[in-house]
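Enquirer: Below you will find the structure I want to go over with you.
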Amino acid sequence: MQPPVSHPTPTGEVNWTPIAEEAERAAKLLHPDKQFPKPSHRRVFTIANQKGGVGKTTSAVNLAAGLAMHGLKVLVIDLDPQGNASTALGVDRRSGTPSIYEVLLGEVSLKDASQVSDQSPNLWCVPATIDLAGAEIELVEMHGRESRLKAALTDEAFDELGPDYVFIDCPPSLGLLTVNAMVAAQEVLIPIQCEYYALEGLSQLLKNIDLVQKHLNPDLDLSTILLTMYDGRTKLADQVSAEVRQHFGDVVLQTVIPRNVKVSEAPSFGQTVLAYDPGSRGAMSYLDASRELAERGAAE
């Protein structure tokens, strides 16, 4: 069997292979030589899209992991009863574990429900347990039902943990849990899949954001859109990307997340893609997106 052929790099090095390049990228990601800048103020994001399968939870955990690996303290609040963000961050979400459900009811403080992720000491998560599944029904009869989460996420509660970034991962719906997240946050981040159906239903989400702004949280701002599942082999992906950028302008991050099998595999191992395969295209793209987010936050 012939040995693999080495190819020269642009700098003239001979022992270059795709595997060697991926290993080098992974080493740089796992051992960063530069920290991301801190934001000018604590940033609290609601990550929302009523359409399922657009990379909402994947974006929440991987953006959080990218920021945490580069020196920023990040808190992920899992407000989706499926608990996928909790699973990806490797935290305990068994029934009976202090979770966002007890925080919503006022039975447990934010700090007591928070757990450190096994993937970074800078990364915390408030898990979602199966108890959250009935929370929307229970919230209907509660006083101040749209503001239960805001009442728990006070400045004092955040100061006990000291996060620079907070990401609230919402369920794929526009129900009371998502409304609670929008009332409690300052900013909305919308992941948009680069496919035909991505723009359908987006108008309803924008209407809901507008309603929350007018009646419940005037400080809420649609600050960030992230294009996900980009397939460069199709013209459709370029058309969706161009249309979103034309309509929303600078709100859209320059970084685009490609379709990548490693991104899809990582959750089954209870990891973010940055932990599962840090040299993959998906990991590097999420790292670039988190860097862009951090630079925007520092520039404000």
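Enquirer: Which of these, Gln119, Gln50, Gln246, has the largest mean-square fluctuation under a Gaussian network model of the chain (Cα springs below 10 Å)?
Expert: Top of the fluctuation ranking is Gln246.
Enquirer: Report the paramagnetic label zone for Ala133: residues of segment 87-115 whose backbone N is under 17 Å from a point 7 Å from Cα along the Cα-to-Cβ axis.
Expert: Residues 87, 93-97, 99-102 fall inside that zone.
Enquirer: From the helices alone, meaning DSSP H stretches of at least four residues, give me the mean residue ellipticity at 222 nm for the chain, per-run term -39500 (n - 2.57), in deg cm²/dmol to the nearest 500. Before the final figure, lay out each step's value.
Expert: Details: 14 runs with 125 residues, N = 300.
Here the helix-only value at 222 nm equals -11500 deg cm²/dmol.
Enquirer: Amide H of Ile168: which non-local residues (sequence gap of 5 or more, or other chain) have their own amide H closer than 5 Å, using H built in the peptide plane?
Expert: It is Phe45, Thr46, Ile47, Ile77, by chain and number.
Enquirer: Okay, next question. Using +1 on the beta carbon of Lys and Arg, -1 on that of Asp and Glu, and nothing else charged, what's the dipole of segment 127-261 about the Cα centre, debye to 20?
Expert: Dipole magnitude for segment 127-261 comes out near 580 debye.
Enquirer: Relative contact order of the chain: what whole-number percent is it, with Cα pairs under 8 angstrom and at least 6 residues apart? Mind showing how you got there, number by number?
Expert: Details: 598 pairs, mean separation 75.9, N = 300.
It comes to 25 percent, rounded to a whole number.
Enquirer: Mind giving me the nanometre distance, one decimal, between the label points for Gln254 and Ser203, set 7 Å out from Cα along Cα→Cβ?
Expert: It is 3.3 nm.
Enquirer: How big is D, in µm² s⁻¹, for segment 173-242 by Stokes-Einstein at 10 °C and 1.306 mPa s if Rh is the Kirkwood radius over C-alpha pairs?
Expert: Numbers: Rh = 13.2 Å.
Answer, rounded: 121 µm²/s.
Enquirer: Given Lys38/Lys235; Lys56/Lys111; Lys150/Lys235; Lys207/Lys262, which pairs have Cα atoms separated by over 32 Å?
Expert: Flagged as over cut-off: Lys38/Lys235; Lys150/Lys235; Lys207/Lys262.
Enquirer: Same structure, new question: Only Cα pairs within less than 10 Å get springs; with that Gaussian network setup on the chain, which residue of Asn122, Asn62, Asn208 has the largest fluctuation?
Expert: With Cα springs under 10 Å in the chain, the top fluctuation among Asn122, Asn62, Asn208 is at Asn208.
Enquirer: Using a Gaussian network model on the chain with a 10 Å cutoff between Cα atoms, which of Ala275, Ala68, Ala242 fluctuates the most?
Expert: Ala242
Enquirer: A further question follows. Compute the accessible area per residue over segment 104-145, keeping the other protein chains in place, probe 1.4 Å, unit Å².
Expert: Value for segment 104-145: 51 Å² per residue.
Enquirer: With every protein chain left in place, what is the accessible area per residue of segment 196-252 in square angstrom, probe 1.4 Å?
Expert: 61 Å²
Enquirer: I would also like to ask the following. For segment 60-167, just the Cα set please: Rg and Dmax, both in angstrom.
Expert: Values for segment 60-167 (Cα only, Rg and Dmax): 13.3, 43 Å.
Enquirer: Kirkwood hydrodynamic radius, segment 234-282, all distinct C-alpha pairs: what's the number in Å?
Expert: 12.5 Å
Enquirer: Please state the relative contact order of segment 33-92 as a whole percent: Cα pairs under 8 Å, 6+ residues apart?
Expert: It comes to 33 percent, rounded to a whole number.
Enquirer: Tell me, rounded to the nearest percent, the portion of alpha carbon pairs in the chain spaced more than 23 Å apart.
Expert: For the chain, the fraction of Cα-Cα distances above 23 Å is 55 percent.
Enquirer: Next question. Provide the gained length on full extension for the span Asp155 to Asp238, in nm with one decimal, where the gain is 0.36 nm per separating residue minus the Cα-Cα distance.
Expert: On the way: separation 83, 0.36 × 83 = 29.88 nm, distance 4.13 nm.
Full extension of this stretch gives 25.8 nm more.
Enquirer: I've got another one for you. Fully extended, how many nm does the chain gain between His41 and Val261 (0.36 nm per residue separation, minus their Cα-Cα distance)?
Expert: Extra length available between His41 and Val261 comes to 75.7 nm.
Enquirer: Run the accessible area of the chain with a 1.4 Å probe and give the carbon-and-sulfur part as a rounded percent.
Expert: Numbers: 7380 of 14090 Å².
Of the solvent-accessible surface of the chain, carbon and sulfur hold 52 percent.
Enquirer: Sort all Cα-Cα distances of segment 171-300 into consecutive 5 angstrom bins from zero, then give the percent of pairs in each bin up to the one containing the longest distance.
Expert: Binned Cα distances yield the sequence 2, 10, 17, 19, 19, 19, 11, 3, 1, 0.
The values are calculated or read from the model by the stated rules, or taken from the named source; none is laboratory data. Model, not experiment: these values are computed from the prediction. Heads up, the Cβs are rebuilt from the backbone with ideal geometry, glycines too, and the neighbour counts pull from every protein chain shown. Side chains are part of the model used for accessible areas, which takes the heavy atoms of the whole protein and leaves out ligands, DNA and RNA. Shrake-Rupley method; radii C 1.70, N 1.55, O 1.52, S 1.80 Å.
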